[in-house]
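Notes follow once the structure below has been shown.
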Amino acid sequence: MPLPLFSPNQRVTQESGREDKVEIDIGTWAITTTFAGFENIRSLIAGPPALIRSVVEDDWHNFGYMFNRPSNPGPKRNPLIVRTNTLLGFNNCILWPPLLFAGKWSLAYTMWPGNEPRSKETILQLLLNPTRFIRHQPIPRPLPPSNTPDWPSATLTTSYTELETHGEFSLDGKDNWIPNDELFDAWANPERWRRHLNNYIRGVAVAFHQEVERVVFSYGEFVFSEWAKLRKVETYWEFATPEPIELVKSLIPHLSSYRAGNTSIRTFEATVEETVVNSISFHMRLNAKTALRLYAKTNRRVRFEIIQEDINHRELLDLPLRRRGERAVAPQTSFNDILRVLAGLRARAADELNGVLEFLQQRITVVPSQRSAFSFLMSVAAALHDNEIAHTVVSLLIRHGRIVPRQAGTQIRDACIQLTDAGITAYDSSSCVYDVTQEYRHALSILRGYPLGDLVINITARDRGRTIAITARDRSRSIAITARDRQRNSSTPISQAPVAPEGDSGTIP
């Protein structure tokens, strides 16, 4: 189902929430080997050296794909950093695409009596992004039921396949958002979301475990302890809106008075070429462990995030409290329990956001619905498929504020009918003219405020799928507005899946 339109009357649920970024510690790998063994392990678990990658050799197969090359030889070392860029080989061929997670692994060791080096208990510290992970997973046809044991294995590298997003684009240039269409809605529905989370967390742990097993086998031994600990989780809900940046700006004054916590505002350039508008992000501390973030995610949606830190697993799993004097130990939470903890955090986040929305409902009576000039030009670009006709229609509206059909040709009248169907214009039977609708009047007044000789409107059509762009340039003040929309004529059937039962099992081999 499509994203709900933003309204302060809207309420969210635990099931509709999704995880954006998850900071998690996974497992313990205690390694025992010789001094030279540690050197070889650190070298072979990382990517191949540049010298090997620059010649045609098979030696690069002996190296790993997860980590960048290590530095600082000796007992005190920097952590091995997960590789997030493309690893290139001979003639710039791609050995491994970027990974869908970030993090580090500290492989330090101490000298024991008898000069036997032994590793400390090393923890894999990860930054996961489930939303981005799901976006890059190959979608099987038909979609598998949520409760099937034959769930597709996790793909841990990025895909270079371009997705159809129907004119929607990210304002911060990042791909951690799910396209608003039926296929992705079915692929990432609440029932399958839990399977994706389990597949992602366990898939990363299994892949790393196999890497450790591969390189340690020849040089020593290791002991693995399976557990996981969440450090920080961002849970989000998204809402559709025609003016995401303006909506965020209008909500910030109200949100600033919601709590007495610290607030901050960040602006960053929108990634649309030739655009001078800025996107905006609002961050607010709700309490010592929880924060709120609101920002314009794309040109058609806003995102509310609840950020939770210092997470107490014992409380969320409803475990008995420790008695006074009992030794405090790190919670040994299994991978399956981690999904329960995430569900509990999602429920808490939903309660927090509903409190924010209830406050906004009391403060806001009407959400502004006036469109910007940017939105006006984009809407025209999406509704009309002929660049010359679009140029003429926009010019007539800017020059006269309306279009008289009896004075226009057949093509212009047909274009007005298309704009009326799209809700951009409306026919006034009393004066026999086409006027823009109420929500676009402010946008047209902004464009009409420019001297017509200084405002140059270019409308171009490029055949990549179907791209229509309208660009308004002010000669005296550089570029004013750019609007573009991509359209393709492909559609994909969706397979419905049954609801999955709770519970999933499995262990690292």
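Sort segment 139-273 into rounded, prolate or oblate with this rule: let a ≥ b ≥ c be the square roots of the eigenvalues of the Cα gyration tensor; rounded if a/c is under 1.5, and if a/c is not under 1.5, prolate when a/b is larger than b/c, oblate otherwise.
Here segment 139-273 falls in the prolate category.
Can you check what the net charge comes to around Asn287, using other residues whose Cβ is under 10 Å from the Cβ of Asn287 (Lys, Arg +1; Asp, Glu -1)?
Working: positive: Arg259, Arg285, Lys289; negative: Glu352.
Taking every Cβ under 10 Å from that of Asn287, the sum is +2.
Anything over 26 Å Cα to Cα? Flag those among Lys104/Lys289; Lys104/Lys249; Lys104/Lys174; Lys229/Lys249, in the order listed. Working shown, then result.
On the way: Lys104/Lys289 24 Å; Lys104/Lys249 37 Å; Lys104/Lys174 22 Å; Lys229/Lys249 36 Å.
Where the Cα-Cα span goes over 26 Å, the pairs concerned are Lys104/Lys249; Lys229/Lys249.
What order do you get for 287-300, 162-175 when each peptide is scored by the mean count of other beta carbon atoms within 10 Å, highest first?
287-300, 162-175
Taking the Cα-to-Cβ direction at Glu358 and at Lys174 and moving 7 Å from each Cα, how far apart do the two end points lie in nm?
3.0
Each reported figure results from applying straightforward, stated rules to the coordinates on display, with no laboratory input. Note that the structure is predicted; figures quoted are calculated from it, not measured. Positions of Cβ are generated from backbone atoms using ideal geometry, with glycine treated the same way; all protein chains shown enter the neighbour counts.
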